[in-house]
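Following: one structure in structure tokens, then a few remarks.
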Amino acid sequence: MGTYHEQFQASLSDPNAYWLHQARHVDWISAPTRALDDSNPPMYRWYPDGTLNTAYNALDRHVIAGRADQPALIYHSAITGARKTWTYAELLDHVARLGGALQALGVEPGDRVVIYMPMIPEALMAMLACARIGAVHSVVFGGFAPAELATRIDDAQPKVIVSASCGLEGQRVIEYMPMLNRAIDRAEHKPERCLIVQREQAPAELVEGRDVDFADVMRPGAVEPAVAVEVMATDPLYILYTSGTTGKPKGIVRDNGGHAVALTVTMQEIYDVGPGEVMFTASDVGWVVGHSYIVYGPLLAGATTVLFEGKPVGTPDAGTFWRVVNEHGAKTMFTAPTAIRAIRKVDPDGNFIDEIGVPSLKNLFLAGERLDPDTYAWATEKVGVPVTDNWWQTETGWPIASNMRGLDPMPLKPGSPSVPAPGYDVQILDATSAQLPPNEDGAIAIKLPMPPGTLAGIWGDEQRYLSSYLTAYPGYYLTGDGGYLDEDGYVYVMGRTDDVINVAGHRLSTGSMESVLAGHPAVAECAVIGVHDSLKGQSPRGFVVLKEGITTSQEQVVKELVQAVRDDIGAVASLKQIDIVAALPKTRSGKILRKTMREIADGGQGNVPSTIEDPQVIEDLRGVLTRTM
Ligand code: COA
Ligand code: AMP
């Protein structure tokens, strides 16, 4: 494999040769003769003449290689107590039958299938079934409200939606069917059929003519199992919507070939997980971490993946993650820093870790938000294994920067996700696109081309792809994160430079919350900012100016606004603190000074620009900004 430095240099000096060599980790139907298609910059494609099937690589080839009886998937519900294991042969059988069921419902290669599901094994099976038949899945996180689901249905235009009657969220049962029905009513595009998993906690009434019971189509013999169809490496595997700076989410498109190569390589080189080893990623299949390291990565690598239903605390206690590791012998665990902070808050001495014991664990990976040095130190001491921060995004699909635990691990530096992974030419740029020297803060950009597996575009909107990512710094991909590189080339990611915020590892747009607030009849104008939160990393705060002559009480307006965000975006937005204020600070050209507000709310003085329209407004706001709930 070579050392990290050798690999990194090779990946930048001759990306085509480097990635063609890495392509050997995948079973191709027609092997690519070249890796990089750079004929149409800034749009790059990987493995333009390769064909394959991703689900075949995740399942069939391991069965053929003699690992039919090895566990592929372990479902562990900390809420119901359920445990179930599927071997590779069993999972292949389920996925092939589900693929056949989707085909029987009319799904053809290239058709979209929306998956709106809680953390149950059928969600993973549905993703792989789509991949098997060449359909494009789009998983929508179960915590999103009907309006958000409707936006995604209209954008992806699915032929079929796969869903479940309910999800279990901590101690609550969340009924999905009323939300699904509302979303379909609201959307202009209507799916032809819905395939519904009935769960005993809250079975749903199915809509006649539209809904099909998952159990019926999965009965042995009910459908012809699907064979793995041949797709182009450049064909889309999935669309995953993520928050941008506007209210409209961006449908990140992932291809088949580059994704299969990149994830297989990262399993070895970054996560150090190989065939037969157990990986436990505590995330949700609705997020990119779930796509890459609950579903595709571990299975492409022939490992065993754990699908966990529950929360880090409260289901039933702060020992639940350690019990999963212990019970299933996980070698590698992956979660978000916020989950570790939640555990630490309840179990500061790490007693559960000591009592339960995690002898199989070799590595703990954390990502999704900045890993603060305090949490890093606590986890390192209490869990007793190397804690590896890795930085990436929905767009990239796999780490931009990490310590390479499977290559030659380098010294860990608290506060940094270590070094750029092979394939990523990370640079720090100033406003004029000039490269900044070590330890100077700027915009983090990645020189094109980005490596295989990173986004192929935004679904149906090439212009938005160009304007969101490729225009600010020609020749570079704009990450939207700010930070610096130190003299050893370690990356420090300090936070977003746009209106995206990160709440408990969930990426949210303040712009979309603002548009919900602005839609309330009493609101004249508003601003939402992300402020520091010791548990969730960030939490949103809203500031609202009311229209003249509003007679409704302020308390009532705030209550309605909080509810509106829950109804339109989802509880996951967690906008609970909204202040009614007399005015918002603005520049003379009318731009709201959100950054200044954020700096003051986070305990700083706030950089007040000379272009401010009325300095008194920000002075009047200081007291409100520094007040905590
Ligand atoms: N379906 C329905 N509702 C959901 C949901 C889902 N899948 N996920 C979250 N919610 C709801 C919660 O019930 C909560 O509702 P409430 O305001 O009525 O209590 C709200 O959304 C906020 O949820 P959350 O942000 O998860 O906060 P929490 O206080 O319930 O839990 C943590 C805090 C830190 C324990 C939790 O956020 C966590 O486990 N975070 C890790 C996230 C993660 O793994 N991210 C993936 C990136 S790697
Ligand atoms: P998402 O697309 O939901 O994965 O969110 C991506 C964003 O989360 C990034 O742009 C960063 O702002 C933040 N992020 C993810 N991982 C890290 C990390 N290890 N360190 C700092 N920020 C991170």
Filtering region 3-40 down to residues that are over 17 Å from Met232 (Cβ atoms) and in contact (Cβ under 8 Å) with a residue 60 or more places away in the chain yields Thr3, Tyr4, Gln7, Phe8, Ala10, Ser11, Leu12, Pro15, Tyr18, Gln22, His25, Asp38
Would you pick out the residues in region 449-469 that are closer than 15 Å to Gln393 by Cβ and either assigned to a helix (DSSP H, G or I) or not small (Gly, Ala, Ser) (or both)?
Met450, Pro451, Thr454, Leu455, Ile458, Tyr465, Ser468, Tyr469
State which residue pairs qualify: first residue outside the structural domain of Gly276 (by TED's automatic domain parsing) and inside region 62-85, second residue buried (at least 21 other Cβ atoms within 10 Å of the Cβ) and assigned to a strand (DSSP E or B) in any location, beta carbons under 9 Å apart, and separation of 6 or more residues or different chains.
none
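For every residue, the table says whether it meets (1) touching a residue at least 40 places away in the same chain (Cβ under 8 Å); (2) among the hydrophobic types (A, V, I, L, M, F, W, C); (3) out of contact with any strand residue (DSSP E or B) (no Cβ under 6 Å at 6 or more places or on another chain).
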site	(1), (2), (3)
Gln201	yes, no, no
Val212	yes, yes, no
Ala228	yes, yes, yes
Leu240	yes, yes, no
Ser243	yes, no, no
What are the residues in region 246-267 that are under 30 Å from Ala31 (Cβ atoms) and among the polar types (S, T, N, Q), if any?
Asn256, Thr264, Thr266
Could you check region 566-604 and list, in sequence order, the residues that are among the acidic types (Asp, Glu), surrounded by fewer than 16 Cβ atoms within 10 Å (Cβ to Cβ) and under 25 Å from the mean Cα position of the chain (by Cα)?
Asp567
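Each row is one residue, and each column tells you yes or no for (1) more than 16 Å from ligand 2 (Cβ to nearest atom); (2) more than 21 Å from the chain's Cα centre (by Cα); (3) of a type in the set (Ser, Thr, Tyr).
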position	(1), (2), (3)
Thr510	no, no, yes
Leu517	yes, yes, no
Ala522	yes, yes, no
Leu535	yes, no, no
Ala564	yes, yes, no
Restricting attention to helices (runs of 4 or more DSSP H) lying wholly within region 517-629, give those where 2 or more residues are under 25 Å from Phe144 (Cα atoms).
554-568
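So, of the residues in region 324-359 that are touching a residue at least 40 places away in the same chain (Cβ under 8 Å) and surrounded by fewer than 17 Cβ atoms within 10 Å (Cβ to Cβ), which turns out to be nearest to ligand 2 (Cβ to nearest atom)?
Looking only at region 324-359, we keep the residues that are touching a residue at least 40 places away in the same chain (Cβ under 8 Å), and these are 324-325, 327-339, 341-342, 345.
Pick out the ones that are also surrounded by fewer than 17 Cβ atoms within 10 Å (Cβ to Cβ) and you get 327, 329, 345.
Working: Glu327: 28, Gly329: 26, Lys345: 20 Å.
Here the answer is Lys345.
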Do we find that Arg405 is on the phi < 0 side of the Ramachandran plot, surrounded by fewer than 20 Cβ atoms within 10 Å (Cβ to Cβ) and either within 15 Å of ligand 2 (Cβ to nearest atom) or not hydroxyl-bearing (Ser, Thr, Tyr) (or both) in this structure?
no
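Evaluate the following for Gly480: is it out of contact with any Leu (no Cβ under 7 Å at 6 or more places or on another chain), more than 15 Å from Ala421 (Cβ to Cβ) and modelled with pLDDT of 95 or more?
Yes: the conditions hold for Gly480.
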Phe334 being within 13 Å of ligand 1 (Cβ to nearest atom) and either farther than 20 Å from Leu168 by Cβ or in the same structural domain as Lys536 (by TED's automatic domain parsing) (or both):
yes
Within the bounds of region 443-463, is there any residue that is under 19 Å from Lys595 (Cα atoms) and assigned by TED's automatic domain parsing to the domain that holds Thr394?
yes
Just wondering, is there one or more residues in region 408-418 that are within 16 Å of ligand 1 (Cβ to nearest atom), assigned to a loop (DSSP other than H, G, I, E, B) and in contact (Cβ under 8 Å) with a residue 24 or more places away in the chain?
yes
Please enumerate the residues belonging to region 33-50 that are over 17 Å from Val229 (Cα atoms) and either small (Gly, Ala, Ser) or touching a Phe, Trp or Tyr at 6+ places or on another chain (Cβ under 6 Å) (or both).
Ala35, Asp38, Ser39
In region 489-513, what residues are in contact (Cβ under 8 Å) with a residue 60 or more places away in the chain and either more than 16 Å from ligand 1 (Cβ to nearest atom) or closer than 11 Å to Ala443 by Cβ (or both)?
Gly489, Tyr490, Val491, Tyr492, Met494, Gly495, Asp498, Asp499, Gly511
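The values are calculated or read from the model by the stated rules, or taken from the named source; none is laboratory data. As the structure is a computational prediction, the values presented were derived from the model and not from experiment. No Cβ is skipped: glycine too gets one built from the backbone with ideal geometry, and neighbour counts run over all protein chains shown.
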